[in-house]
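Only the coordinates and a few stated rules stand behind these numbers; no lab work does. Since this is a predicted model, take the numbers as computed values, not measurements. Don't worry about glycine lacking a Cβ; one is built from the backbone with ideal geometry, like all the others, and counts go over all protein chains shown.
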Amino acid sequence: MAAARKNKRVAASQPGFLKLNPAIDHSESIIGRRKRVNKNKKKNWNKHSDIQDVEEFLDDVRLQEKATGGLVSEKPDDSLFYVDTCVREQPKNIQQGGVQKKGKRSRPLRIDLILQHDSLIPPPKDVLAYQQPNAKKQRRISKRAGELAAKGVLPRRQKQLLRQKAAAGPKVQTPANNHPERPYYDLWTESSKDTADPWYLEQTMKKLVKRPDKLNEKPSALPAVEVIAPGGSYNPEFFSHQALLLQAHEVEVKRQKEEERLERQLAFKREDTATTETRFQEQVEGLLEEEEEEEEEGPVKEGEVPMKEGEDPAQNSSAKPKAHREKKTERQRKREKAEKEKEQRRRVLQSLTGRRQQLFQLRSIRAELKTREQRTKQRQAQRRARQEAQKTMPRRLGKLKFQAPDLEVQLSDEIPGSLRSLRPEGSILKDRFKSLQKRNLIEPRERAKFKRRHKLKYVEKRAFKAIT
């Protein structure tokens, strides 16, 4: 307690100390009965120490620093007081007779008072705001860029931008909206005229991506609706109708030949039919040959290795150890090396002789090159013709092949005499479906087959039994 009273007296007896908060009274202190506490133990220091007066003093100091920017006792008199020597003007809301006008005085708004900065203590410096990641590296890069710029050397990114700008062409100056020669802009046109700079559109990612040419090509060169031949009319000419009948006849003949070829492949010959003799031969086959082989083979001696059929007795030396390969002498190695070098020289001389002989074959070589070029051109023309023909042919898009529909043709005796007696043939829906398949828009398909998952059960109910 003695220490607390001493701190209070020291705080209150400081020269020039002024209390800014009148609610805090340092002189008033309730001193109770002294309590005997052992201060030798550390746990009793904060528990039985009275520091309220010190905290009040520090709160008063903080309040002065916050409100006035420092201690009032340390401020000069000029900053605290001033002499008012100006002449005040008569307020505007007072009339000439001295009667005050009715109305509110001009006061600041409440929101402005709330937003005012009431503390004179400057905010703490934000150290993180001045820190930058890789600041040392960035300073080194900027220093290097400044040195290169002083020498007239541009960085790679800037060079690339300049090349792109030069490739885009000169910048188009867009006329102003109020320019009299500006073209009229139609709001309802299908495509608007792009007057912006192409380089600017490319850099700002506003330019549309170029559509690949492959997407503009149609999958087939066939028309959407194919017109039938003149012979398919309700009143066709004789020759046109006969030509259409011949075309249908060729299709049927081709289909019939395909069926006959398939039957020939699946048919069996009468000679291959099994008879009693052939069956007996199959049953007896192999029995007589085994008996003859057993009779021809004689008894084998002890220790002798039996020879296999077709084996030479001189080659039956598996029991004998193989002889080791003798090591070549130095003389043999030198002879082999000399022969190898001689063979290499002979091949080099042969190639040189062949090249010299080609000089006398220039005419034949030139003729061969011309023949090869003509053959290449013919193959290219054939390939182009094949590609053009494939544009009108259906491609293999799925596991099924495209099957052309039957020709809708009437025989000579079925041709009606008038349009009223004409009988409709075919189906528009099937025709459109086949047309989509032929133009490679959809893959050929078959009708899905219905397969029952569970078997049907037949149950006789009571009502049925009652009736029967």
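General remarks:
- When the alpha-carbon atoms of region 341-468 are used, the pair Rg, Dmax equals 35.9, 115 angstrom.
- Taking 0.36 nm per residue of separation and subtracting the current Cα-Cα distance, fully stretching the chain between residue 404 and residue 329 would add 18.9 nm.
- Mean projection of the Cα convex hull over all viewing directions, computed for region 340-390: 5.7 nm².
- Inter-probe distance in nm under a simple model that places probes 7 Å from Cα toward Cβ, at residue 258 and residue 205: 5.5 nm
- Among the listed pairs 218/449; 430/455; 257/391; 218/401; 401/455; 399/451, those with a Cα-Cα distance over 23 Å are 218/449; 430/455; 257/391; 401/455.
- Measuring between their Cα centroids, region 343-366 and region 132-174 lie 60 Å from each other.
- The trypsin sites (Lys or Arg not before Pro) of region 352-404 meeting both criteria, a DSSP state outside H, G, I, E and B (loop) and at most 16 other C-beta atoms within 10 angstrom of the site's C-beta, are 391, 395, 396, 399, 401.
- In region 326-468, a dipole from Cβ-located charges (positive for Lys and Arg, negative for Asp and Glu) runs towards its positive end, and of 376, 458, 403 it is 376 whose Cα lies farthest in that direction.
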